[in-house]
Amino acid sequence: MKNILKIRVAVMILGTIVVAGLSAYRSLGQAGRGQTFRLDGGDVTYEFGVNERGELQAIYWGEKLGAHDAVVAAHSMPEMASFDSPGTTTPQEYAAWGAGLFTEPGLKISFADGNRDLVLHFVSSHATAGNYEILMKDISREIRVTLRYSMDAESGILARSAVIENRDKAAVVVEQAAAAQWTLPAARYTVSYLTGRWGGEWTLNQEPIQGGSRVIESRRGSTGHQANPWFAISRDDSGKTVGPLSAGEEHGEVWFGALAWSGSWRITVERTQLDAVRVTGGFNPFDFGYKLNPGEKMETPIFYGGYSNHGLGGASRLLHHYELVHILPTAPNPKPRPVIYNSWEATEFRVDEAGQEALAEKAASIGVDRFVMDDGWFGQRKDDHAGLGDWYVNKEKFPNGLKPLIDKVHSLGMDFGLWVEPEMINPDSDLYRKHPDWVLNFPGRPRSESRNQLVLNLARPDVRDYVEGFLDKILSENDIAFLKWDYNRNWSEPGWDAVPVDEQKKVYVEFVGNLYAILADLRKKHPKIEIESCSGGGGRVDLGILRYTDEVWPSDNTDPYDRLSMQNGFSYAYTPQVMMAWVTDSPHWGNNRATSLTYRMLSSMDGSLGIGANLNKWSAEDFATAKRLIAAYHAVQKTIVQGELYRLISPRDGSEFSATESVSGDRGQAVVFAYADATIQGRGFPLLELQGLDPDARYKLAFIEGKALSGTLETASGDWWMHHGISLDLRGDFQAASFRLDREK
Ligand code: DGJ
């Protein structure tokens, strides 16, 4: 008892977590019946416990409870009818498929003797500040599952994952393994999730959670453009008032989660027959089968979950901050991204020394920080038919290697970045002619090409070594600050015939594990390197890859108007710090939409700015405009990309107006972007009532672009800007304005 007290006191002194009724490590004959666990962080409390049946059961997740409130012990649900036993009606923390479970399982295993029943009961727990490890075991077999919980003291975001271990005498196959399951009590909810396609990522979908399941997933071997592993669930009624009270952008309860996995994944949002909501996420069980020999274990990805009482806006601000401080490779202090120039839309595959140097000179003249040469510099790469896999510099295009171009870029005051697509191979390449067995394939079956390329099987140790080897060589031989790491197709025929048949499906896990390992090794060997995750746009954006990459390419669609709604969708899950946004040419190649350079600049400045236009076609006026706006951007970039984001007016649902506001962490500065897509029947731009300012401080207004209607004060209190608001003089088609507010000293 004394020890228990000591631990409780010590943990409370840390000020972040209260551990209720728990010894630091204890293994119980009675398997902890009635034992409870509590995690506190930010404004959030998370509780679970062991019920009288020995199952681990969800108890509470939401607004922080009183520090001394006792955790009420978990009690299983009764049998509803002969069709629904407590095993399925009780909301288990991590339910295994067995004993009549009909809701989504967290874990499903096949045993060598034909048994497929698995029932996990609590064994023991281990606690450190903000963390729990809970050991569970099957009621008779030696299958052990360790559930990991780690609560961030500041945001209350909880990281959950599971380790599955086979201590039995025979091998087993894990057929389904979630990272975590989350439970919310019966109420009316709306689920938000992101879907899309190539060139059209980041559509926010919102719908009521009704009976049954909503599945979002990728079966593609990678994260995918079509759905992103993020969800948010808003509570539709407060339970305290009569009538609907929908959780909105800035009010109401929201639970959210993001899965840190860059392979095939699945998130199931399920409303049970008792109206509870269960969210299960982890490896996609489709075509899954991970063999565990005796003594082996496997680890799931991490599923992060959080709660906000300030609507979807509050939820995304928590997540952004968490990404900056805990996820990104340079966390907790990632530098705002350099403003880049990228050659792709200007030259496509037609890169050469003289052409790139000419672009570099022009890019430097407007204040670009980093020059990135895209596809086309290697092997026999003239178009997308050949070259992938042959990572030597093309001698016709660069007779003296990359050094002259890199030196030139440096002499212009920029650093140098290079495009690579390491996991891919063209059949027309020396590498494929030498190693046709290195690609994902089923022997004797066709190998489906996309963009004339096949996928190297990165799960193979020899492929892994080759990929890491050539990247290490390029980085060792050249002064390169940045890699744009591309990935331009999904898997087909995902066979791995070099290993026994019952090991082959491990490809879904080992491929991604090796990708992460290569990225980690490269960063260790070349500590200054920065990396972008690109997959034909936003096909590989998730919290897994973001642990190793500094930024992402959200979409190949660079149309500045399309980008506004995509950037809006993106911002629900990911911080603007990682959201690269290029200014490209007008009319746009995709929509044939003509827009002014100012509009294009402002659309891209509302994220991490890049220039991807053909500078050879720019006028003197274009150069002057870009130079002025890049300088203005540099001055406020940190607030835009690392500040607190308020989506003041959403561009969704046919709105002809939209606006964002970012407020610096110390509330000393706010930056606003406003866009009018069309003025209809003379309607003016809506009044902008700002948010998140210090009400008592005085802020001075300065326009980066555009102007306010007359009568706007130049200096006023935070209260005034937030309540009186500001009316912009913004009319016409595809017009944009931006201003900053700076707190007076
Ligand atoms: C797809 C990327 O998204 C583009 O930006 C460009 O790098 C091309 N690949 C190059 O092949």
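Please treat every number below as a calculation from the coordinates, not as lab data. This structure is a prediction, so every number in the text was calculated from the model and none was measured. Because the Cβ atoms are built from the backbone with ideal geometry, glycine has one as well, and the counts that use them run over all protein chains shown.
Looking only at residues that are free of Cβ contacts under 8 Å to residues at least 40 places away in the same chain and on the phi > 0 side of the Ramachandran plot in region 697-745, which one is surrounded by the most Cβ atoms within 10 Å (Cβ to Cβ)?
That would be GLY706.
Residue under question is ASN400, and the condition is that it be surrounded by fewer than 20 Cβ atoms within 10 Å (Cβ to Cβ) and either within 16 Å of the ligand (Cβ to nearest atom) or within 13 Å of VAL351 (Cβ to Cβ) (or both); does it hold? Spell out the reasoning first.
On the way: surrounded by fewer than 20 Cβ atoms within 10 Å (Cβ to Cβ): yes; either within 16 Å of the ligand (Cβ to nearest atom) or within 13 Å of VAL351 (Cβ to Cβ) (or both): no.
It is false that ASN400 is surrounded by fewer than 20 Cβ atoms within 10 Å (Cβ to Cβ) and either within 16 Å of the ligand (Cβ to nearest atom) or within 13 Å of VAL351 (Cβ to Cβ) (or both).
Among ASP437, ASP384, ASP407, which is the only one that is within 15 Å of the ligand (Cβ to nearest atom) and surrounded by fewer than 19 Cβ atoms within 10 Å (Cβ to Cβ)?
Details: ASP437 fails: within 15 Å of the ligand (Cβ to nearest atom); ASP407 fails: within 15 Å of the ligand (Cβ to nearest atom).
Just a single option satisfies the conditions, and that option is ASP384.
Considering only region 629-660, state which residues are among the small types (Gly, Ala, Ser) and not in a strand (DSSP E or B). Walk me through it before giving the result.
Start the filter on region 629-660 by keeping residues that are among the small types (Gly, Ala, Ser), which leaves 631-632, 635, 643, 650, 654-655, 658-659.
Within region 629-660, ALA631, ALA632, ALA635, GLY643, SER650, GLY654, SER655 meet the criteria.
For region 466-507, name all the residues that are within 16 Å of the ligand (Cβ to nearest atom) and within 15 Å of ILE518 (Cβ to Cβ).
Within region 466-507, LEU483, TRP485, ASP486, TYR487 meet the criteria.
Across region 326-359, what is the number of residues that are touching a Leu at 6+ places or on another chain (Cβ under 9 Å), more than 16 Å from the ligand (Cβ to nearest atom) and among the hydrophobic types (A, V, I, L, M, F, W, C)?
Here the count works out to 5.
Within region 693-717, track down each residue that is part of a strand (DSSP E or B), over 33 Å from the mean Cα position of the chain (by Cα) and either within 19 Å of MET601 (Cα to Cα) or of a type in the set (Asp, Glu) (or both). So that I can check it myself, show each step before the final result.
Let us first name the residues in region 693-717 that are part of a strand (DSSP E or B), namely 698-705, 708, 715-717.
Now drop any that are not over 33 Å from the mean Cα position of the chain (by Cα), which leaves 698-702, 708, 715-717.
Of everything in region 693-717, just one residue is part of a strand (DSSP E or B), over 33 Å from the mean Cα position of the chain (by Cα) and either within 19 Å of MET601 (Cα to Cα) or of a type in the set (Asp, Glu) (or both), namely ALA702.
Only one of (1) under 32 Å from the mean Cα position of the chain (by Cα); (2) without any contact (Cβ under 8 Å) to a residue 40 or more places away in the chain; (3) in a loop (DSSP other than H, G, I, E, B) is not met by GLY444, so which one is it?
(1)
If you check ALA386, ALA363, which single one turns out to be of a type in the set (Gly, Ala, Ser) and farther than 28 Å from GLN642 by Cβ?
On the way: ALA363 fails: farther than 28 Å from GLN642 by Cβ.
Going through ALA386, ALA363 in turn, the sole match is ALA386.
Here are some residues: ASP465, ASP437. Which one is farther than 28 Å from ASP369 by Cα, assigned to a helix (DSSP H, G or I) and touching a residue at least 60 places away in the same chain (Cβ under 8 Å)? Spell out the reasoning first.
Values: ASP465 fails: touching a residue at least 60 places away in the same chain (Cβ under 8 Å).
Just a single option satisfies the conditions, and that option is ASP437.
Take SER535 and decide whether it is among the hydroxyl-bearing types (Ser, Thr, Tyr) and either more than 18 Å from LEU609 (Cβ to Cβ) or more than 10 Å from the ligand (Cβ to nearest atom) (or both).
Working: among the hydroxyl-bearing types (Ser, Thr, Tyr): yes; either more than 18 Å from LEU609 (Cβ to Cβ) or more than 10 Å from the ligand (Cβ to nearest atom) (or both): yes.
Against the criterion (among the hydroxyl-bearing types (Ser, Thr, Tyr) and either more than 18 Å from LEU609 (Cβ to Cβ) or more than 10 Å from the ligand (Cβ to nearest atom) (or both)), SER535 qualifies.
Could you look through region 718-745, keep only residues that are assigned to a helix (DSSP H, G or I) and touching an Asp or Glu at 6+ places or on another chain (Cβ under 7 Å), and pick out the one that is farthest from ASP677 (Cα to Cα)? Spell out how you get there, then give the answer.
Let us first name the residues in region 718-745 that are assigned to a helix (DSSP H, G or I), namely 718-724.
This time we only want the ones that are touching an Asp or Glu at 6+ places or on another chain (Cβ under 7 Å), so: 718, 722-723.
Details: GLY718: 28, MET722: 24, HIS723: 25 Å.
Result: GLY718.
For region 365-376, enumerate the residues that are within 19 Å of CYS534 (Cα to Cα) and either in contact (Cβ under 8 Å) with a residue 60 or more places away in the chain or within 11 Å of the ligand (Cβ to nearest atom) (or both).
Restricting attention to region 365-376, the residues satisfying the condition of being within 19 Å of CYS534 (Cα to Cα) are 370-376.
If the condition is that a residue be within 19 Å of CYS534 (Cα to Cα) and either in contact (Cβ under 8 Å) with a residue 60 or more places away in the chain or within 11 Å of the ligand (Cβ to nearest atom) (or both), then ARG370, VAL372, MET373, ASP374, ASP375, GLY376 are the ones that fit.
Taking LYS362 as meeting all but one of (1) in a loop (DSSP other than H, G, I, E, B); (2) over 30 Å from GLY665 (Cα atoms); (3) more than 15 Å from the ligand (Cβ to nearest atom), write down the number of the exception.
(1)
Please pick out the residue among SER82, SER110 that is more than 26 Å from TYR304 (Cα to Cα) and touching an Asp or Glu at 6+ places or on another chain (Cβ under 8 Å). Spell out the reasoning first.
Details: SER82 fails: touching an Asp or Glu at 6+ places or on another chain (Cβ under 8 Å).
Selected residue: SER110, the only one of SER82, SER110 that is more than 26 Å from TYR304 (Cα to Cα) and touching an Asp or Glu at 6+ places or on another chain (Cβ under 8 Å).
Looking at (1) surrounded by fewer than 21 Cβ atoms within 10 Å (Cβ to Cβ); (2) within 16 Å of the ligand (Cβ to nearest atom); (3) of a type in the set (Gly, Ala, Ser), which is the one condition that is false for ALA517?
Tallying (1) surrounded by fewer than 21 Cβ atoms within 10 Å (Cβ to Cβ); (2) within 16 Å of the ligand (Cβ to nearest atom); (3) of a type in the set (Gly, Ala, Ser), ALA517 fails exactly one: (2).
Would you mind telling me which numbered condition in (1) surrounded by fewer than 24 Cβ atoms within 10 Å (Cβ to Cβ); (2) within 16 Å of the ligand (Cβ to nearest atom); (3) polar (S, T, N, Q) ASN592 fails?
For ASN592, the failing item is (2).
Among (1) away from the ligand (no atom under 16 Å from the Cβ); (2) more than 29 Å from VAL583 (Cα to Cα); (3) not charged (D, E, K, R), there is one condition GLY413 misses while meeting the rest; what is its number?
Among (1) away from the ligand (no atom under 16 Å from the Cβ); (2) more than 29 Å from VAL583 (Cα to Cα); (3) not charged (D, E, K, R), GLY413 violates only (2).
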